[in-house]
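Remarks on the structure that follows.
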Amino acid sequence: MTQVQVDTPAVLREHAEQAYADELAALAAVDDRPRPPSWRLSPWAVATYVLGGRLADGTVITPKYLGQRRLVEVAISSLATDRALLLLGVPGTAKTWLGEHLAAAVSGSSTLVVQGTAGTQEEALRYGWNYARLLAEGPSREALVPGPVMRAMETGAIARVEELTRIPSDVQDALISILSEKTLPIPELDEEVQARPGFNVIATANNRDKGVNELSSALRRRFNTVVLPLPDTLDQEVEIVRTRVTQLGASLELPADLESLSEIQRVVTVMRELRSGVTTDQRTTIKSPSATLSTAEAISVMTNGLALAAHFGDGVVRADDVAAGLLGAVVKDPVQDRLVWQEYLETVVRNRKEWNDLYRACRDLG
Amino acid sequence: MPVDVYGVRHHGPGSARSVREALEARPPDLLLVEGCPELDGIVHLLGEPDMVPPVAGLVYAVDDPRRATFYPLAHFSPEWVAVRWALARGVPVRFLDLPATHAFALEEAGAPPTREAGDPLATLAAAAGYDDAERWWEDAVEQRHDSPAERFDAIREAMASVREADPRPDDDPGVVGNLRREAWMRKVLRAAVKEQPDARTAVVCGAWHAPALVPEEFPPLSHDRPLVTGLPRTKVAAAWTPWTSARLSYASGYGAGVTAPGWYQHLFDHLSGERPDQRDLATTWLVRVARTLREERLDASTAAVVEAARLAETLSIVRGRPSVGLTELDDAAQSVLCEGSRLPLDLVHSRLVVGEELGSVPDSAPVVPLAADLARQQRSLRLKPSASVQEVDLDLRRPAQLDRSVLLHRLAILGVPWGVPADTGRTTGTFKESWRLEWRPELAVDLVEAGVWGTTVAAAASARAADRAEGSADLAELAGLVGACLTADLPDGVTAVLAALDARAAVQHDVPALLHTVEPLARTCRYGDVRGVDTARVRDVLVATAVRACVGLPMACAGLDEESADVMGTAIDGAQRGLALLEDADLDATWHLALERLSAPEHVAGTVAGRATRILLDAGRLARDDVARRMGRRLSVAAPAPQAAAWLEGFLAGDAVLLVHDPALLGLVDRWLSDVEDAVFEDLLPLVRRTFADFSKAERRTIGERVSRLHGGRADDPAPSLDLDLEQATPAVLAVGRLLGWEVARGGAA
Ligand SMILES: Nc1ncnc2c1ncn2[C@@H]1O[C@H](COP(=O)(O)OP(=O)(O)O)[C@@H](O)[C@H]1O
Ligand SMILES: [Mg+2]
């Protein structure tokens, strides 16, 4: 079923608008550019929030999304022209992450989310009922439980729809009329909800999932599409992982000195080589495992490694701390992937002298 | 005596429009244009109706056509607009740059070539935050100054400060060269003013030079004179040549090229119209984008065009730009019309943003030397260019026809693909060749471009081949190139390519790559014989390469996985075919020694070892008994079944006759198959089937019959009854039957 995330004093994982409340406030204070109706910030300030920068008053805005500036500009401009935005990409390319931050910066809230699954029902996109009241009082506005999209329409905010292609096609269709008419009829009450200015939708979809529940062309036409790519170069990817691991480490209160992050280079190299099917020097062809080895996987391998090193070691992330994480990320299918991994270990890792420790650590895991 | 100096952006549509306005506002009596004066003699041709841009003025040193300068002109080039304006009104046009006769001679004497200083207006635009210099012109120059004269004054002043801040030292070759050119320009200007003191002169030059060409600010004569007197000379010729939109992006005599000629044309056309509207500019462009996408069957609705236009506009605001540029239009089209994908947009780029225009020049225009040489040969060989496709069959024993073949091969090497071989498969080693000839107008441009390699087809083709060989590390490509040079009768080319091949082969450790050169080189030797060409040197290199491969072979075959074993097997086969053509006893001996070291040991991958064994058997280097012994070991139950199957596949390699004639070997195969466990057999089936699938039906039938006989049939019975034999057969016969694809169960052979 749908999970509507409710504001609680989050400790484990704060929402973007909470975690970066300071930055958002600082931006709002200096932002004197025109804002589209209901926007908390101007498009320029939203772009600065996402891409990072330094404000006139000296406030440093940390970059949230590391990648091509133009993609972020296109995304923001789409929202500003009232067009729904579809973020497309393989898993782990920061679709959810970017969508959350855009919603936080534009509407001040990133919590109006529909989590798309095969079981997502139309109520999630429209509204449900409080059956106790419905039975007691008959259909009324009070008995109606609005879904996240409807709440976004009422408040002129951004609703997020995650994994749009996982939602069954007939349920997807409900979005078409919402996006084109910007109204939501409530036949039971003979009423309708008209979207307030500022209402918009950010959807994410995995373009590897093709064919699961392909978007109908009618729905596709309602969206401007931005494809989020995997990072082009090793350096870019290392930079993304470094930034995110440092941030995550800080929030988990893991002491992460940059020194200990030198392991990132290797982890990212392994991910990129297995992903692309060829070694960095382009000399050796290798097999790719079944799973997408995204930047996000590298981040999680490193964060786990950091935790291991902090709790059971001296705080410096070493081969031993990442080996298990790597194995887990790569081997999703116990037969095929294990072969791929073994072959990679024996033909690539083993031949790199300075990777001896990594080779041994991985081999010891079996 | 007024002189109006119009400093432009070469290929800048905004500059072009301003120049036209300026000429209208103050019509000159003489037009001076940047470019070398060697073009003066043919400038009148620009006024002819068959002269259609893009075209380029080509000025080259007669003795060394590689020394050449191109002056490309598009519809939206300020130079084109100005010259056409003048020619239409009978106003004389001349070029005022340093003559090429001096410029080339100076280069010959070691002075570095003086190129234009990049695109200074684009630099200014970039400094102002624009990635499209034309949008900057629009906003910063056009919108701010009403009269064209004021615009060009502003440009001149801006350039004066840019030049002021030029960080290059005074003795920088670029600075020195530029000073000389500008001294010459002033010399021409002084002469013009002196000649007709009352006339009004307009100068159209790159913005960079504008500050140096204002007569009131000229330096004293004594400053310029030493720079422009006593200069060396060389013989120079000039021609107009068709150009393409794509080639407008190349650097040329007018400095840096432009990357978006199609977009510039759009800007020019749109803004030259009456009451141009900014929003229309974006919409009309996106309409063209949508149409291009639709031609490729990509859905792009009118509603989507409207959305894309809105997005582009918002984007320009988010980016803090005063107007929509190509970048915004691209981004918007990608997001709205292409579902975020870059691929369809790349298509739009080559079709629309760059454009696919091909210009043309009048027949009366002079041609470049390489084209003249080709025209001469086309006449003497009676091989006329035609726009429709012709099929030509050539008999290489007839000298005149051989010459035609040679010409077509040379043009192919040169990258002027007038003829395409019609049946590549059969040409080798025969006396016949078939070609499809089609003269497309772009070939004229290819020809001009090929002109950098030489003035005759033969010399240019040799030089081009040598250059390609220089830059290639791919042995197979080099071996192919040797053959191409031989068929094109280019001895110089052969020598150069062979030298490169020899050098590359010496450092190549990849044995399959070495082996792959053997066959093409051997064919070349054979083909050379057909054409009566001396191939001794090719043979030398071939032998050296083959020996290198033989040395590396045993090591290279240790520990191959299945896939690399297949690659190696293919390479060995190719080399074997090549060596068979060559019939060189010494080389064969070396080859067989290497193969022996693959055949005997048991650790070598099945495919490779089987193949080696077979070649040795066929060459008579291995007795049948030895072969049987090796096969026995390889097909023993102890050996892994897939390896055994691979060995068999390598050994038979699609040729079954052996099994037909050798009952001993057939017996081994049969025994192996019947001993293999049933479960393993199922796994093996597809593999072994593949082996037998290459056989002809007749071969399979014969083998089946022989197998039957092995199990009781009489060897001398010419037509055994299959039904009967199968009934008595052991399970192995059934197995072989299944292998051969028979419906054994029904008791009848297919
Ligand atoms: N280019 C990037 N810039 C910043 N973070 C990134 C980038 N790529 C991946 N990440 C990180 O990867 C993690 C997973 O991203 P997520 O949004 O869940 O991926 P998706 O929704 O595309 O599957 C997030 O922590 C995010 O910060
Ligand atoms: Mg996601």
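What follows is calculated from the coordinates using simple rules that are stated; it is not laboratory data. Please read all numbers here as calculations on a predicted model, not as lab measurements. Neighbour counts run over all protein chains shown; Cβ positions are idealised from the backbone, glycine included.
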DSSP beta bridges in segment A:68-227: the antiparallel percent, rounded to 5, is 30
Tilt, helix B:13-25 to longest principal axis of chain B (alpha-carbon atoms), in degrees rounded to tens, equals 30
Taking segment A:79-168 and dividing mean pair separation by its residue count, relative contact order in percent (alpha carbons under 8 Å, at least six apart):
35
Mean ellipticity per residue at 222 nm, deg cm²/dmol - from DSSP H runs of n ≥ 4 across chain B, formula -39500 (n - 2.57):
-17500 deg cm²/dmol
In degrees, nearest 10, range 0 to 90: what is the angle between the Cα axis of helix B:624-634 and the longest Cα principal axis of chain B?
80
So what J values fall out for segment B:26-38 if you push phi through Karplus, 6.51 cos²θ - 1.76 cosθ + 1.60 with θ = phi - 60°, rounded to Hz, Gly and Pro as x?
10, x, x, 9, 9, 10, 10, 10, 5, x, 7, x, 4
For the residue pair B:A372 and B:D172, what label-to-label distance in nm results when each label sits 7 Å from Cα along the Cα-to-beta-carbon direction?
3.9
Long-range amide H partners of A:I61, meaning residues 5 or more apart or on another chain whose placed amide H is closer than 5 Å, are A:G53, A:R54, A:L55
Rounded to the nearest Å, what's the spacing between the alpha carbon centres of segment B:166-200 and segment A:104-170? Just the number, please.
74
Out of residues 5 or more away from A:V145 or on other chains, whose amide H comes under 5 Å of its own, with H placed 1.01 Å from N in the peptide plane?
A:G128, A:W129, A:N130
Can you sort B:F651, A:F223 from fewest to most other Cβ atoms within 10 Å of each residue's own Cβ?
A:F223, B:F651
Footprinting exposure proxy for B:Y254, B:Y130 (fewest neighbouring C-beta atoms within 10 Å first):
B:Y130, B:Y254
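Could you tell me what percent of the DSSP beta bridges with both partners in chain B are antiparallel, to the nearest 5?
Percentage antiparallel, nearest 5: 65.
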Once the Cβ-Cβ distance between B:Q390 and B:Q196 is put in as r, and R0 is 41 Å, what FRET efficiency do you end up with, to the nearest 0.05?
0.15
Relative contact order computed over segment B:145-224 (Cα-Cα under 8 Å; 6+ residues apart), in percent
43
With a Förster radius of 56 Å, plug the Cβ-Cβ distance of A:Q194 and B:V567 into 1/(1 + (r/R0)^6) and report the FRET value to the nearest 0.05.
0.25
Cut-off 9 Å between beta-carbons: net charge of the residues surrounding A:A291, Lys and Arg +1, Asp and Glu -1:
-2
Karplus 3J(HN,Hα) series, Hz, for segment A:290-295 with 6.51 cos²θ - 1.76 cosθ + 1.60 (x for Gly, Pro)
6, 7, 7, 8, 8, 4
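Can you sort B:M568, B:M159 by how many other beta carbons sit within 10 Å, fewest first?
Ordered by Cβ neighbours within 10 Å, fewest first: B:M159, B:M568.
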Nearest 5 percent is fine: what portion of the DSSP beta bridges confined to chain A is antiparallel?
35
Which whole-Hz couplings ³J(HN,Hα) result when phi for each residue of segment B:665-674 is put into the Karplus expression 6.51 cos²θ - 1.76 cosθ + 1.60, θ = phi - 60°, listed in order with x for Gly and Pro?
5, 4, x, 4, 4, 4, 4, 4, 5, 6
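To the nearest 0.05, how large is the calculated FRET efficiency for A:A136 and A:K182 if R₀ is 56 Å and r is the Cβ-Cβ distance?
0.95
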How large is Rg over Rh for the protein assembly as shown, taking Rg from the Cα atoms and Rh as the Kirkwood inverse mean of 1/r across Cα pairs?
1.04
Within a Cβ distance under 11 Å of B:A312, other residues only, what is the Lys/Arg minus Asp/Glu net charge?
-1
What number, in percent, do you get for the relative contact order of chain B if the mean sequence gap of Cα pairs under 8 Å and at least 6 apart is divided by its residue count?
10
How are the Cα pair distances of segment B:469-616 distributed, in percent, across 5 Å bins from 0?
2, 11, 21, 22, 18, 13, 8, 4, 1, 0
Long-range HN-HN contacts of B:V8 with modeled amide H, under 5 Å
B:C205, B:G206, B:A207
